[in-house]
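Engineer: What follows is a single structure, and I will ask about it in a moment.
No value in this document is a laboratory result; all are computed from the given coordinates. As the structure is a prediction and not an experimental result, all values here were calculated from the model. When we count neighbours, we look across all protein chains shown, and the Cβ atoms used for this are built from the backbone with ideal geometry, even at glycine.
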């Protein structure tokens, strides 16, 4: 849900971020505006220089993450494009931008020659901003932020592509790409925090605590250091009616990621001091080789055949550590627990895919496609790590009281996926067409793994104990997945004034997990459970144009779904399907475009979304004696977004544009904090901008915009609110 809200918020705020403030002129929207096109020509080659600044009151980190730009502003070249014909057959093109503040850079150079090919070299880098904050605990008005709170991740890419394409014969493409991702970002996983209302003695909650569970609301930050290289070669050739594409690539990955969180933030208990934990450090090294062969054959005017073969081989080596500070009430001290250190592991993956598609057009009114995709892969891996534990009776944190264990693990998966597909279209009616699609994904997976177990245990006294994997740690399981998707729809272009689209879809997915009953005593004995979901929905859209200058676009998309689970009687289940959750959603959207004259343009838009997830709250009964604990509360994710744009053509040299955007949600219920996490969000975010576009000459155009932004976020107790004006100016010069 956080991801969806972030998307909604950013969509509502892009108007106030850098180049996004440059709203396309209303001339582009008017169908009959030749005079306007003359006033603002389109430049073939140009440079656009911009500057942006804000005066934000409130949480500047929140402003940056919502709007994609820091409160300190940005300045630089927003866009540069230059193209020149070196001779009759050779063209050079340069494209790029460089914005200081947002750290957004792009530079590409392309040299192409007719009958020979082209060479492109480019570099791109951009920054994404994040707000390093945790959750808000409404019962104590407590809010947590990481230090530093302002976080960002930089993504960069360098590439070079050489294309050799003569007028006849095969064409070749060679590409090298180097991609890097570094920085810090907030995480959706939160760390444990002592309830400020709890009574604590020697690190143990001894009094009445509300909530009874430990709230997980502290900030959690991901530290990223990732490197990815791709080398690829491709050949395309046509022989008769068949076009063949052969591609080979080598991918290497070198990642070193970790997670930091604050344990017991702002604790007033001496026994539980605030500590920063580096958790889940992951080192990943992998190399993969992939070959893809595709063919497209036009057998006749009515029959076409497409085929594809793919082979992928991947090897990887993993490492890292997981060290968690823990408190010993007996020793009355904090000590570093090696939850998993010296992590090592290796895996091998081989994947084979074949697909064939038959396209039929028996008449000009019927289009049919039959396709089948078959995939098989094998995954093998093994590894281990070291753990430590302190004796429960230890009075001191010394080596003599610490036990060290070497844990090992192993897994082997064999997967086979078959996917038949069928598409059908009928175009026989005037202005009316029908379509039908169906696909069925059948996944049969045999899994064998051993949970991590201590094969060597060495206590502080030095005695060594060796052990083999117990049957309780050994698993044999068939994981079968069946996904069926079907949709049927129609497009009706009744006239130039009325267009109607309708589609009905259904998704039926089910996962079966079956243990091997013939291996008596293993942990997977009788381990059968089934989970799945079904969703049914409708997509409706209507476009009405009662007047040439007035258009109404309406969308309505309701959908409803159910999640279910089945437990086996061997493991205490009822062997009956139980509804574990329900979800329903409705999207209502209306857009109005109105250009009453060539000098005025009006656009309004509103989106109303109802999204409801009903869990099995308050309880799921799986047998007469066993119940699943109370799940999370039911969740709402309802919101409304609206926007309006008015454009005025003052004269041949000036345009004025006025725009407003608003997003509102009201789903936060702080009362749930008395017994769990108060999921849901409530906020109001809006902005208004006014801009002037002026033509100084046939070679120089200027844009100036002033906006005001505002965010009230009840979900964070108002700690991430911000407001303030934003100014933007740009000059575009024809080269």
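Engineer: Quick one: go through the range 300-319 and flag any residue whose amide nitrogen is under 14 Å from the point 7 Å out along the Cα-to-Cβ line of residue 292.
Structural biologist: 307-313
Engineer: Sticking with this structure for a sec: If r is the Cβ-Cβ distance from residue 733 to residue 653 and R0 is 22 Å, what FRET efficiency results, to the nearest 0.05? Working shown, then result.
Structural biologist: On the way: r = 16 Å, r/R0 = 0.74.
According to the calculation, E is roughly 0.85.
Engineer: Using the 10 angstrom Cβ neighbour count as an exposure proxy, how do 258, 734, 62 rank, fewest first?
Structural biologist: Working: 258 18, 734 15, 62 24.
Fewest-to-most Cβ neighbours within 10 Å comes out as 734, 258, 62.
Engineer: Put a dot 7 Å past each Cα toward the Cβ at residue 612 and residue 154; how far apart are the dots in nm?
Structural biologist: It is 4.9 nm.
Engineer: Let me ask another. Which ordering of 697, 589 is given by a fewest-first count of other beta-carbon atoms within 10 Å? Write down the numbers at each step before the final one.
Structural biologist: Numbers: 697 9, 589 16.
By the 10 Å Cβ count, ascending, the order reads 697, 589.
Engineer: Using a Förster distance of 56 angstrom, determine the FRET efficiency expected from the C-beta separation of residue 235 and residue 671, and round it to 0.05. Display every interim value, and only then the final one.
Structural biologist: Working: r = 64 Å, r/R0 = 1.15.
About 0.30, to the nearest 0.05.
Engineer: Starting from 0.36 nm per residue, how many nanometres of slack lie between residue 504 and residue 723 once their C-alpha separation is accounted for? Mind dumping the intermediate values first?
Structural biologist: Details: separation 219, 0.36 × 219 = 78.84 nm, distance 4.31 nm.
This chain segment gains 74.5 nm when fully extended.
Engineer: Residue 179 to residue 303: extension gain in nm, 0.36 nm per residue of separation minus the Cα-Cα distance?
Structural biologist: Roughly 40.5 nm would be gained on extension.
Engineer: Going by the alpha-carbon gyration tensor, a ≥ b ≥ c the square roots of its eigenvalues, is the range 304-463 rounded (a/c under 1.5) or, if a/c is not under 1.5, prolate (a/b greater than b/c) versus oblate?
Structural biologist: On the way: a/c = 5.38, a/b = 3.21, b/c = 1.68.
Cα axes put the range 304-463 in the prolate bin.
Engineer: Which FRET efficiency value, to the nearest 0.05, do you get for residue 44 and residue 545 by plugging their Cβ-Cβ distance into 1/(1 + (r/R0)^6) with R0 = 35 Å?
Structural biologist: Working: r = 33 Å, r/R0 = 0.95.
E(calc), rounded to 0.05, equals 0.55.
Engineer: Can I ask one more? Given labels modelled 7 Å from the Cα in the Cβ direction, how far is it in nm from residue 418 to residue 91?
Structural biologist: Modelled inter-label distance: 5.0 nm.
Engineer: Roughly how many nanometres apart are two label points built 7 Å out from the Cα toward the Cβ at residue 458 and residue 395?
Structural biologist: 2.7
Engineer: Sorting 565, 291 on the 10 Å Cβ count, fewest up front, what's the list? Walk me through the intermediate numbers first.
Structural biologist: Working: 565 18, 291 13.
In increasing order of surrounding Cβ atoms, one gets 291, 565.
Engineer: How far is the Cα center of the range 149-185 from the Cα center of the range 74-88, in Å?
Structural biologist: A separation of 20 Å, based on Cα centres.
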